[in-house]
């Protein structure tokens with residue numbers, strides 16, 4: 001498959017704010033789903049992300065405030081919130097580069113201190129089995145680092161080194177994590193563009209599109225085990241699987257054996273397993289018959305730790321998006 005080059009075709013602008021501005025842009029993205037319990041490790045993850053973004057951020061939008069130029073005070077907000085978060089309060093911080101345009105560099109944190117124990121130790125699933133949360137979803141905290149599509153971290157060795165340096169990921173206090181190409185969008189000004197975004201994600205199977213409500217069904221209640229199973233949303237170029245999910249799949253030897261295929265590489269990240277599907281991320285243009293067989297293989301092996309749905313309401317697009325590698 002040839003390397004994609006027409007990245008400009010995945011960008012578009014809107015004048016909804018009163019003037020023309022870029023509101024959707026492709027990027028390379030690292031997204032981590034967590035419970036807000038390991039605050040020090042989350043603060044360390046944020047600090048590590050900031051080293052990749054140093055000198056590139058220009059603006060931010062925090063909570064329900066208007067956007068403003070980046071400042072030392074703005075950069076200190078997330079660590080301040082993490083030190084003593086209010087219970088059941090959703091904190092939201094979006095930072096980006098590119099001026100008033102939405103550039104490829106960015107960081108988005110959306111988190112809440114829940115009354116749910118962390119994923120890491122074995123947490124009994126009886127607390128959510130059959131509950132409203134299990135039916136309607138229990139949104140998790142999300143931390144997203146966005147970078148240009150040709151960034152150094154798109155090289156496997158650099159990315160693995162970076163992920164291995166983050167104690168949150170090494171110690172397993174997360175639900176799952178994905179790394180690959182994605183659409184970064186400014187949801188304040190991209191309203192009405194959802195169908196266009198959906199059409200791109202339906203065309204390019206390797207293109208991710210993260211909406212925070214999709215995280216609500218990543219706490220797995222499985223009858224075979226009495227503890228919560230951390231699920232993955234869907235496979236990506238690099239998929240980080242929690243050790244409890246690996247154990248649920250039969251343990252590392254079993255998972256490794258099932259994943260064996262030319263082009264699949266496995267990397268331990270502390271107690272968790274990083275699955276690499278190919279030497280570089282790929283988009284896969286369905287209209288040109290380009291398939292991503294390695295991701296289809298990973299999807300099949302990880303099927304027991306994938307959610308049955310992403311939203312509480314039935315959605316043809318999200319059902320297709322969730323199972324796109326099964327349909328390939």
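The numbers here are math on the coordinates, done by the rules we state, and not lab data. As the structure is a computational prediction, the values presented were derived from the model and not from experiment.
One way to sum up the overall shape of the stretch 143-242 is the equivalent ellipsoid from its Cα gyration tensor, whose semi-axes run 25, 21, 12 Å, largest first. Computed on the stretch 141-240, with alpha-carbon pairs under 8 angstrom and 6+ residues apart, the relative contact order is 31 percent.
Helical runs (DSSP H, four residues minimum) scored at -39500 (n - 2.57) apiece and divided by the length of the chain put the mean residue ellipticity at 222 nm at -7000 deg cm²/dmol.
Spatial offset of the stretch 154-174 relative to the stretch 264-328 amounts to 20 Å, using the alpha carbon center of each. Remark: C-alpha extents of the chain on the principal axes read 55, 50, 39 Å, sorted largest to smallest. For the stretch 249-291, relative contact order (Cα pairs under 8 Å, six or more residues apart, normalised by length) works out to 23 percent. Of 241, 32, 301, the residue with the greatest mean-square motion in the GNM of the chain, using alpha carbon springs below 10 Å, is 301.
Computed over the Cα atoms of the stretch 181-328, pair by distinct pair, the Kirkwood hydrodynamic radius stands at 16.2 angstrom.
If you wrap a convex hull around the C-alpha atoms of the stretch 256-328 and split its volume per residue, what is the figure in Å³? Each step should come with its number before you reach the end.
Numbers: hull volume 8.5 nm³, N = 73.
It comes to 116 Å³ per residue, whole-number rounded.
Compute for the stretch 8-93: radius of gyration divided by Kirkwood radius, i.e. Rg/Rh, restricted to C-alpha atoms, rounded to two decimals.
Details: Rg = 15.3 Å, Rh = 15.3 Å.
Over the Cα atoms of the stretch 8-93, Rg/Rh equals 1.00.
When you restrict to C-alpha pairs under 8 Å that are six or more residues apart and normalise by the size of the chain, the relative contact order lands at 20 percent. Test of understanding: in a Gaussian network model of the chain with alpha carbons linked when under 10 Å, which of 62, 157, 43 would top the mean-square fluctuation ranking? Looking only at 62, 157, 43, the biggest GNM fluctuation is shown by 157.
Between 25, 161, 288, the residue with the greatest mean-square fluctuation in the GNM of the chain (Cα pairs under 10 Å linked by springs) is 288.
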